Amino acid sequence: METPTFDTARLRLRPFREADATELHRVLTEPDMLKYFPRPGGPPLDRVQRLVSHQIEQWNDIGYAWWAVELKSSGRLVGWNGLQFLPETHETEIGYLIDRSLWGQGLTTEAARVGLDFGFGALKLETIIALAHPDNVASRRVMEKLGMAFDRLADYFGMQMARYTIDAQMHTAPRSDGSRLGI
């Protein structure tokens, strides 16, 4: 499957390229960027190169993975967003990460809505989960803004995580203001 590209008001979600590894490495090695991840320190460049290669392979093998996220205004790579298949549990997770300098601007939620729309629309998934360290209040708030509901604490990636879920019906249900969660 060819990886689709999507534009939001401020972002472009596009296929990763091998050359993105250096810029993604810069983002991932910012202080405390991976504070709530299983490996909280910044990864070496060769591991980031493998991560980028894996995302490219996943698009080819299963038809979804993460997109590289760029600011439309500058074309600068600022993180990732998208869907990840979890083979241990046979679930699909929405995942996201954005440059620290952009936190608090709603960009993560803006990008993650595209991932949910793609998962429920093009892929016809029934349920999508999201995971965050229980203390990662900002990430959990993004999940709530996406219309996801806290399900339980569960072990993923060798650590306890807050698990949120949303199903296709909830994603397209009208909200109290008459709008829908999906784009």
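In plain terms, the residue of Val52, Val137 with the fewest other Cβ atoms within 10 Å comes first and the most crowded comes last, giving Val137, Val52.
Between Leu45 and Arg152, the C-beta separation translates, for a Förster distance of 45 Å, into a calculated FRET efficiency of about 0.80. Here the chain is treated with +1 on each Lys and Arg Cβ and -1 on each Asp and Glu Cβ, and its dipole about the Cα centre works out to around 480 debye.
Between Phe157, Phe37, Phe16, the residue with the greatest mean-square fluctuation in the GNM of the chain (Cα pairs under 10 Å linked by springs) is Phe157. Using C-alpha pairs below 8 Å separated by at least 6 residues, the relative contact order for the chain is 17 percent.
Counting charges near Ala132 (Lys, Arg +1; Asp, Glu -1) among other residues having Cβ under 11 Å from its Cβ returns a value of 0. The Rg/Rh ratio for region 66-172, using Cα coordinates for both the radius of gyration and the Kirkwood hydrodynamic radius, is 0.95. Helical content of the chain, expressed as a calculated mean residue ellipticity at 222 nm, amounts to -9000 deg cm²/dmol (DSSP H runs of 4 or more residues, -39,500 (n - 2.57) each, divided by residue number, nearest 500). In the chain, which longest range has no GluC sites (Glu not before Pro) that are both DSSP loop (not H, G, I, E or B) and surrounded by at most 14 other Cβ atoms within 10 Å? Longest run free of exposed loop sites: 3-87. Taking other residues whose beta carbon is less than 15 angstrom from the beta carbon of Glu91, and scoring Lys, Arg as +1 and Asp, Glu as -1, yields -4. Amide H contacts of His133: Ala162, each under 5 Å away and 5 or more positions distant or on a separate chain (H built 1.01 Å from N in the peptide plane; Pro and chain starts excluded).
By the beta-carbon count within 10 Å of each Cβ, the least crowded to most crowded order of Leu153, Leu45, Leu83, fewest first, is Leu153, Leu45, Leu83.
Taking 0.36 nm per residue of separation and subtracting the Cα-Cα distance, full extension of the segment from Arg100 to Ile62 would add 10.7 nm. Residue exposure proxy: Thr22, Thr3, ordered by other Cβ atoms within 10 angstrom of their Cβ from fewest to most, comes out as Thr22, Thr3.
Every read-out reported here was derived from the displayed coordinates using simple, explicitly stated rules and does not represent laboratory data. Just so it is clear, the structure is predicted and the values come from calculations on it, not from any experiment. Every residue, glycine among them, receives a Cβ derived from its backbone with ideal geometry; neighbour counts consider all protein chains shown.
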